[in-house]
Amino acid sequence: MIDEMLVDHLPGETRAALLTKGRLIELRIVRPERESTVGAIIRGRVTALRRDQGAAFVEIGQPKAGFLSLRKGVKPPAEGAAIVVQVTKDAVDDKGAGLSDRPAIVGQRLTLRLGQPGLERTRRLDPEEFARLAAALAPIDTARDGFLLHPAAAEAEPAALLAEAQGLVDAWRRAREKAGAVPSVIRPAPDPVLRAILDHAATLAAVRFDDAQTMNRIKAEAPALAPLLSHHRGGSLFRRHDAEEQIAEALSRRIRLPRGGAIAIDELESMTAIDVDMAAQAGLGQQADLAFQVNLEAAGEIARQLRLRDIGGIVVVDFLRMSRPDHRRRTVETLRRACAQDPQQVDVLGLTPAGLVELTRKRLRPSLKHLLTEPRDDQPGFSAATLGFALARAILREADAAPGRPLRARASPAAIAGLEAAAETLSNLRERVGAKLGLVADPALQPGRFDVATE
């Protein structure tokens, strides 16, 4: 269960952090130049049909054609045909966006599934409750386009549920009527912050914003969410909840475990390799039991890190060696249960003949490392853009502590360049400081170190 979401906003970057019992489990970062198109519904054109790959390539108005997997038993589209698709995975590097020919529009309590008739429920929605809710939706024709009911629907009044369902139907009708040339966007991707809230609406207890304007925009788009939303005043929202430190940890290679062990995570081009080791020493008689306990701790932390770092694709885990079959079985089961909490599809495939555990996680967007870092001196480090936004936050903290005073900010050349490149952010920053703001590039400072003081 997710206790709360923190939303931190700067012009040019918005961050949404999801926490459970104070621990960061998911982070979404939105920047205009890398804004996700997941969820966008597009009228595209099939440019190539590859039966040997079980796929069609679709022109969708992006630099690379989208990749549409063909469904078994369904007649494939012809080359040159217009087709309505939805983006399910952002383009990454030289790979085009992933597509589906079964679009859906997500609401707070239910999802409209285009071309899929009838009503269905998620596994967490009680069957008896589903029957009651289905009766409430009886006035809507679902012979062509049906609905998937979320757990959040269980608390809805019948009239409110019916109104939301009708609203989704009307929204799709209006979007379809505006469709133009091919390719063209029929319905743009949903607001990423709103989408993050809706994805977890069934379990969220609170959503806290550091920016009132962002909060009010979400309220206007989804009034039913208003009771969850609040505006935080006084100091950095992320720092108050130790989110900044946890983000930094999520970009480190090595994560320590409570019993003295550690996991090392290496994101490679074709896969992610995770190694578990045991730094603590124990007597020979205790070694087997300690290795097992460290592996159990590692299994839970690995599931958390995969989600937090948004790692997708093939993952191979090298746990500490275990001689007992029941220890190996329980370790894999613990990993499988922990990964079951991930909203993305994770398949734990089990032990390989070499004793490694292999799993796959669905990739929807670039990983956190891919988004926030860039190679520097043959080692990954924060990108100039990431450093620039971090510097902006440091300046705002000093401006709040000394309102109306001139400020001077010293930082590495990369951080200064990153902030100056974000013109909207810098303009807003100068306005909020309300006085002179001097920026000094100091090569002697480490990339993540800033010196912001009044003049």
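Annotations for the structure displayed:
- When the helices (runs of 4 or more DSSP H) confined to the range 203-288 are screened for residues that are under 26 Å from residue 449 (Cβ atoms), those reaching at least 3 such residues are found at 237-240, 243-250.
To keep it simple, each residue is scored yes or no on (1) surrounded by fewer than 17 Cβ atoms within 10 Å (Cβ to Cβ); (2) without any contact (Cβ under 8 Å) to a residue 60 or more places away in the chain; (3) under 21 Å from the mean Cα position of the chain (by Cα).
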| site | (1), (2), (3) |
| --- | --- |
| 151 | no, yes, yes |
| 178 | yes, yes, no |
| 206 | yes, no, yes |
| 214 | no, no, yes |
| 221 | yes, yes, yes |
| 225 | no, no, yes |
| 238 | no, no, yes |
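- The range 153-168, residues that are modelled with pLDDT of 90 or more and crowded, with 16+ Cβ neighbours inside 10 Å: 161, 162, 164, 165, 168
- Single unsatisfied condition, residue 358 versus (1) buried (at least 16 other Cβ atoms within 10 Å of the Cβ); (2) over 19 Å from the mean Cα position of the chain (by Cα); (3) modelled with pLDDT under 95: (3)
- The condition of being of a type outside the set (Ser, Thr, Tyr), at pLDDT 95 or above, within 24 Å of residue 224 (Cβ to Cβ) and not in a loop (DSSP other than H, G, I, E, B) holds for only one of 112, 133, 99, that being 112.
- Any chance residue 62 is more than 19 Å from residue 173 (Cβ to Cβ), under 22 Å from the mean Cα position of the chain (by Cα) and surrounded by 14 or more Cβ atoms within 10 Å (Cβ to Cβ): yes
- Residue 100 of a type in the set (Ser, Thr, Tyr), closer than 30 Å to residue 193 by Cβ, under 21 Å from the mean Cα position of the chain (by Cα) and surrounded by fewer than 19 Cβ atoms within 10 Å (Cβ to Cβ): yes
- Matching entry among 268, 194 (being within 18 Å of the chain's Cα centre (by Cα) and either under 30 Å from residue 360 (Cβ atoms) or surrounded by 17 or more Cβ atoms within 10 Å (Cβ to Cβ) (or both)): 194
- Residues of the range 52-73 classified as of a type in the set (Gly, Ala, Ser), in contact with a Ser or Thr (Cβ under 9 Å, 6 or more places away or on another chain) and closer than 18 Å to residue 189 by Cα, total: 2
- Test: residue in the range 343-354 that is part of a helix (DSSP H, G or I), of a type outside the set (A, V, I, L, M) and over 26 Å from the mean Cα position of the chain (by Cα): no
- Selection status of residue 140, more than 30 Å from residue 59 (Cβ to Cβ), in contact with a strand residue (DSSP E or B) (Cβ under 9 Å, 6 or more places away or on another chain) and not in a helix (DSSP H, G or I): yes
- Out of 20, 88, sole residue that is under 21 Å from the mean Cα position of the chain (by Cα), among the polar types (S, T, N, Q) and closer than 26 Å to residue 241 by Cα: 20
- Residue match in the range 423-439 (condition: within 23 Å of residue 369 (Cα to Cα) and part of a helix (DSSP H, G or I)): yes
- Of all residues in the range 42-54, those that are modelled with pLDDT of 95 or more and either among the small types (Gly, Ala, Ser) or in contact with a helix residue (DSSP H, G or I) (Cβ under 7 Å, 6 or more places away or on another chain) (or both) total 2.
- Among the residues of the range 12-46, those identified as of a type outside the set (Asp, Glu), in a loop (DSSP other than H, G, I, E, B), surrounded by fewer than 19 Cβ atoms within 10 Å (Cβ to Cβ) and in contact (Cβ under 8 Å) with a residue 40 or more places away in the chain are 22, 31, 38.
- Test for residue 408: is it assigned to a strand (DSSP E or B), of a type in the set (D, E, K, R) and over 25 Å from the mean Cα position of the chain (by Cα): yes
- Selection within the range 116-147 - within 16 Å of residue 166 (Cβ to Cβ) and in contact (Cβ under 8 Å) with a residue 24 or more places away in the chain: 119, 133, 136, 137, 140, 142, 143, 144, 145, 146, 147
- Number of the condition not met by residue 174 [criteria: (1) part of a helix (DSSP H, G or I); (2) in contact (Cβ under 8 Å) with a residue 12 or more places away in the chain; (3) more than 19 Å from residue 130 (Cβ to Cβ); (4) not acidic (Asp, Glu)]: (2)
For (1) in contact (Cβ under 8 Å) with a residue 24 or more places away in the chain; (2) within 30 Å of residue 267 (Cα to Cα), each residue gets a yes or a no:
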| residue | (1), (2) |
| --- | --- |
| 383 | yes, yes |
| 391 | yes, yes |
| 397 | yes, no |
| 409 | yes, no |
| 423 | no, no |
| 440 | yes, no |
| 446 | yes, yes |
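- Residue in the range 407-430 that is basic (Lys, Arg), surrounded by fewer than 21 Cβ atoms within 10 Å (Cβ to Cβ), under 30 Å from residue 203 (Cα atoms) and modelled with pLDDT of 90 or more present: no
- The range 389-405: number of residues that are more than 27 Å from the chain's Cα centre (by Cα) and more than 12 Å from residue 432 (Cβ to Cβ): 3
The values are calculated or read from the model by the stated rules, or taken from the named source; none is laboratory data. As the structure is a prediction and not an experimental result, all values here were calculated from the model. Note that each Cβ is placed from the backbone with ideal geometry, even for glycine, and that neighbours are counted across all protein chains shown.
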